[in-house]
Amino acid sequence: MKFGKLLAGAVLALGVGGAAYADGHEKTKVGFVYVGPVGDGGWTYEHDQGRLAVEAEFGDKVETVFVENVAEGPDSERVMTQMALDGADLIFTTSFGYMDPTNNVAAKFPDVKFEHATGYKRLHPNVSTYSARFYEGRAIQGHIAGNMTKSNIIGYIGSFPIPEVIRGINSAYIHAAKVNPDVEFKVIWVYTWFDPAKEADAAKVLIEQGADVVLQHTDSTAPQAAAQEAGNVVTFGQASDMGQYAPFPRVSSIIDDWAPYYIERTRAVMEGTWEQKDTWDGIGPGMVGIGEISDAVPADVKAEALALKTALADGSYHAFTGPLNKQDGSPFLAEGETADDGTLAGMNFYVEGIEGEIPQ
Amino acid sequence: MIRLEARPQPSQVMAYATPVLAVVLTMIFGGVLFAILGKDPIQAILTIFWEPIFGEFSFFYRPQLLIKGAPLVLIAIGLALGFRAGIWNIGAEGQYIVGAICGAGAGLAFYPTESVFIFPIMVAAGALGGWAWAMIPGVLKVKFGTNEILVSLMLVYVAEQLLASMSLGLLKNPEGFGFPGSRNLQQYPSAHNAELIANTGMHWGVVAALIAVIFAYVLLTRHRLGFAIRVTGEAPRAAKFGGVNPARLILFCLGMSGLLAGLAGMFEVAGPSGQISIDFNVGYGFTAIIVAFLGRLNPIGIVFAGLLMALTYIGGDIAQSQLGLPASAIQVFQGMLLFFLLALDVLANYRVRFGRAEVA
């Protein structure tokens with residue numbers, strides 16, 4: 001009797017186990033490598049929201065793992081290898097500096113798919129790259145900023161002088177100068193993506209120099225706090241909505257929404273349809289979101305900004321449309337001409353009107 | 001009542017026992033911390049300490065221990081020489097950076113020439129760079145009596161700016177589409193500090209670390225200079241009467257620690273890391289201070305301490321990914337290790353007495 005029960009239990013267990021295998025659907029394991037802490041309230045936070053969206057979408061069919069605060073370089077290479085060894089099917093590496101490590105590890109694990117954010121190297125067929133056209137969001141910010149500033153000085157906290165950031169400065173300036181030709185940009189480079197202390201210092205310096213709008217290309221909310229303290233300074237949320245500072249100083253935001261992409265790519269791996277590609281999506285496909293424009297912005301400016309957003313989303317307007325000159329006065333784009341992706345990807349010059357030099 | 005009674009001489013037994021005790025206490029309190037976070041403490045500790053050495057994928061992690069541990073040991077050996085003599089070089093991180101810049105710069109100057117002489121030139125340049133950077137606080141201290149702690153620490157931030165400038169300017173990869181960062185030395189055979197035996201993690205930096213350990217051991221136990229270092233640290237007045245020239249000792253200790261840190265940076269940039277980038281340094285220079293003390297400023301002890309720290313980093317990342325432990329919990333865990341070690345130092349110098357103080 002007792003023996004029979006045991007046996008029955010074993011058969012049942014075997015049956016269940018067999019079914020799981022026969023079905024061919026073990027859990028798909030998706031790894032995420034983060035450069036900052038998941039609680040940064042910006043860049044890494046949004047990637048982690050994407051991870052959670054993948055979990056919510058596929059439930060029991062996926063298992064996600066992540067490692068945060070991973071230094072670029074050999075540490076990231078080790079973490080990626082470890083995830084691959086632990087059976088990850090798909091790994092998202094979410095910082096530019098992971099570019100070479102991602103490709104190195106991908107060479108060793110041809111069956112694992114790798115997705116590298118913001119890079120350009122796809123040396124192996126199992127590496128894809130993806131990024132967002134944040135400069136489209138910058139155009140809207142520039143439009144609002146140019147209208148809101150009274151001192152005509154707009155401060156800009158730059159992280160690193162790389163094309164990604166320079167593109168944002170140019171896009172914001174072009175659209176600010178369009179509505180307010182007297183506008184002047186002051187850029188401070190902090191050489192970090194996330195350092196609340198440095199970001200706060202930069203914001204304070206910009207405010208002391210007369211800036212009453214501060215744009216940031218860094219991920220913490222420290223500049224928002226600094227602006228709130230100053231009282232009359234406008235800011236925009238970066239990477240994440242930073243809605244806790246709305247309606248003022250934060251009047252709008254650029255939100256990175258990785259969820260649709262992460263879900264799509266995870267599904268592709270599950271269905272065996274994953275292929276290498278280079279994705280660069282903007283407002284249209286929803287990778288770049290524009291946070292609620294608060295009531296601190298005059299209604300007509302808000303309406304114009306929303307119209308701009310629609311035009312950028314449906315492709316009827318490009319954020320880099322001529323006539324535009326480079327900073328040194330040489331022609332960049334002729335009347336009506338738009339910048340091609342190659343030029344944008346490697347942008348290492350300011351447009352005419354921005355003062356100061358890009359650090360070399 | 002518990003009293004502490006000063007020992008006439010520091011206990012030898014305790015000096016060796018306290019590091020082990022500190023590790024055990026860290027495991028216990030770390031386990032409590034992990035339990036509070038809702039993770040199985042035994043499994044967490046096992047993942048951190050056992051998995052990398054004896055786990056399923058130890059074939060991958062063991063070499064990683066060498067890769068992560070070698071720079072720590074190399075830097076800590078140099079620091080220990082100075083610390084023994086009461087000369088506090090806190091800026092090894094800066095010397096590490098400058099060594100890497102000089103080493104990589106020397107190699108890239110020859111690009112794309114292939115020659116067996118390039119790597120030795122890079123080694124010399126890296127050592128020289130680190131030495132020269134450490135000589136700044138050294139000379140300032142000898143000539144003007146400045147505080148080497150402050151000067152060497154401040155020079156770390158200068159070195160970081162230099163690193164950013166090099167990544168964006170002089171050493172920037174001309175084929176990098178305007179992105180910061182040098183060419184990858186892993187793809188330049190003459191300059192690549194490759195593994196000497198495949199998949200062992202054994203590269204020239206590991207060899208250099210071993211040589212440095214032996215050299216330091218002989219110096220401290222067998223050589224007159226080592227004696228001068230020890231006496232200066234333990235009894236500065238006696239050292240002076242004994243004819244030790246403090247200025248020369250300061251220059252030697254700072255120069256040597258700078259040289260070794262520079263070498264560590266050079267081997268790292270030419271090997272595991274591969275390129276000069278803005279975020280090249282990940283704190284080895286600061287972690288090495290912990291390693292030096294954890295190893296009791298003893299060359300052999302430093303080898304174990306370096307490997308132990310490397311283990312907590314590697315195991316910590318595994319625990320993050322497999323168990324979902326937050327990165328900050330791992331940092332607290334590492335912090336505990338140093339805390340307990342320093343706290344337990346009291347046992348080496350004092351005896352614990354129970355009961356009422358005797359009336360003398």
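No lab work stands behind these numbers, since they all come straight from the coordinates. All of these numbers come straight from a predicted model, not from anything done at the bench. Here the Cβ is made from the backbone with ideal geometry for all residues, glycine too, and neighbour counts use every protein chain on show.
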Return, ordered by residue number, the residues of the range A:331-347 whose backbone nitrogen is under 20 Å from a label point located 7 Å along Cα→Cβ of A:Glu264. A:341-342, A:345
Residue order, fewest to most surrounding Cβ atoms within 10 angstrom, among A:Asp281, A:Asp256, B:Asp317, A:Asp295: A:Asp295, A:Asp281, A:Asp256, B:Asp317
A:Thr338 to A:Lys277: FRET efficiency via 1/(1 + (r/R0)^6), r the Cβ-Cβ distance, R0 25 Å, to the nearest 0.05? 0.65
Rounded to 5, the percent of DSSP beta bridges in the protein assembly as shown classed as antiparallel: 25
Gain upon complete extension [B:Leu46, B:Asn147; 0.36 nm per residue less C-alpha separation]: 32.0 nm
I want the local charge near B:Pro326. Using Cβ-Cβ distances under 13 Å, sum +1 for each Lys or Arg and -1 for each Asp or Glu among the other residues. -3
Give or take rounding to whole Å, what are the principal axis extents of the alpha carbon atoms in the range B:69-324, in descending order? 61, 44, 37
Please compute the contact order of the range A:25-132 in relative form: average sequence separation of alpha-carbon pairs under 8 Å and at least six residues apart, divided by the residue count, as a percent. 26
Close Lys-Lys pairs in the range A:25-132, where close means Cα under 22 Å and separation is 8 or more or interchain: 8
Furthest towards positive pole of dipole, B:Phe49, B:Ala17, B:Phe60, structure part chain B, Cβ charges: B:Ala17
Could you please rank B:Tyr217, A:Tyr191, placing first whichever residue has the fewest other Cβ atoms within 10 Å of its Cβ? B:Tyr217, A:Tyr191
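If we count GluC sites (Glu not before Pro) as exposed when they sit in a DSSP loop and have at most 13 other beta carbons within 10 Å, what is the longest stretch of chain A that avoids them all?
A:27-274
Full-extension gain between A:Lys108 and A:Lys178, please, as 0.36 nm times their residue separation minus the C-alpha to C-alpha distance. Working shown, then result.
Values: separation 70, 0.36 × 70 = 25.20 nm, distance 5.04 nm.
Full extension of this stretch gives 20.2 nm more.
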Computed label-point distance, nm, for sites B:Ile28 and A:Glu63 using a 7 Å Cα→Cβ extension: 3.4
For labels at A:Ala56 and B:Tyr111 in the simple 7 Å Cα→Cβ model, what's the distance in nm? 4.5
Taking a ≥ b ≥ c as the square roots of the Cα gyration tensor eigenvalues, with a/c under 1.5 meaning rounded and otherwise prolate when a/b beats b/c or oblate if not, the range A:25-132 comes out oblate
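Work out the FRET efficiency for B:Phe227 and B:Ala194 from their Cβ-Cβ distance, taking R0 = 45 Å, and round it to the nearest 0.05.
Once the sixth-power term is evaluated, E becomes 0.70.
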With the contact rule set at Cα under 8 Å and sequence spacing of 6 or more, what percent relative contact order holds for chain A? 16
For helix A:299-314, what angle does its Cα long axis make with the longest principal axis of chain A, in degrees from 0 to 90 and rounded to 10? 50
Residue-by-residue Karplus 3J(HN,Hα) for the range A:226-238, coefficients 6.51, -1.76, 1.60, Hz, glycine and proline x: 4, 5, 4, 5, 5, x, 10, 10, 8, 9, 10, x, 10
Roughly speaking, what is the stretch gain from B:Arg237 to B:Ser11, that is 0.36 nm per residue apart minus the C-alpha to C-alpha distance, in nm to one decimal? 79.0 nm
Using the number of other C-beta atoms within 10 angstrom as an exposure proxy, rank B:Leu260, B:Leu171 with the fewest first. B:Leu171, B:Leu260
Taking every DSSP beta bridge with both residues inside chain A, roughly what % is antiparallel (nearest 5)? 15
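If you take the beta carbon distance between B:Ile300 and B:Gln161 as r and set R0 to 51 Å, what does 1/(1 + (r/R0)^6) give as a FRET efficiency, to the nearest 0.05?
Working: r = 37 Å, r/R0 = 0.73.
The value I calculate is 0.85.
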Through the Karplus equation 6.51 cos²θ - 1.76 cosθ + 1.60, θ set to phi - 60°, convert the phi angles of the range B:92-104 into ³J(HN,Hα) values in whole Hz; use x for Gly and Pro. 4, 4, x, 5, 4, 5, 5, x, 5, 4, 5, x, 5
Quick calc, the range B:69-324, dipole around Cα centre from Cβ unit charges on Lys, Arg (+) and Asp, Glu (-), nearest 20 debye, gives 1120
Per residue of A:159-166, other chain Cβ atoms within 10 Å number on average 4
How tilted is helix A:99-108 with respect to the longest principal axis of chain A? Cα atoms for both, answer in degrees (0 to 90, nearest 10). 20
Furthest towards positive pole of dipole, A:Ala246, B:Ser115, B:Leu168, structure part the protein assembly as shown, Cβ charges: B:Ser115
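Report relative contact order for the range B:235-360 in percent, whole number only (criteria: Cα-Cα under 8 Å, sequence separation at least 6).
About 11 percent, as a whole number.
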Mean-square fluctuation check for chain A, GNM, Cα pairs under 10 Å: which of A:Lys108, A:Lys277, A:Lys27 is largest? A:Lys108
Separation between the B:Ala124 and A:Tyr317 pseudo-spin-labels, each 7 Å from Cα along Cα→Cβ, expressed in nm? 6.2
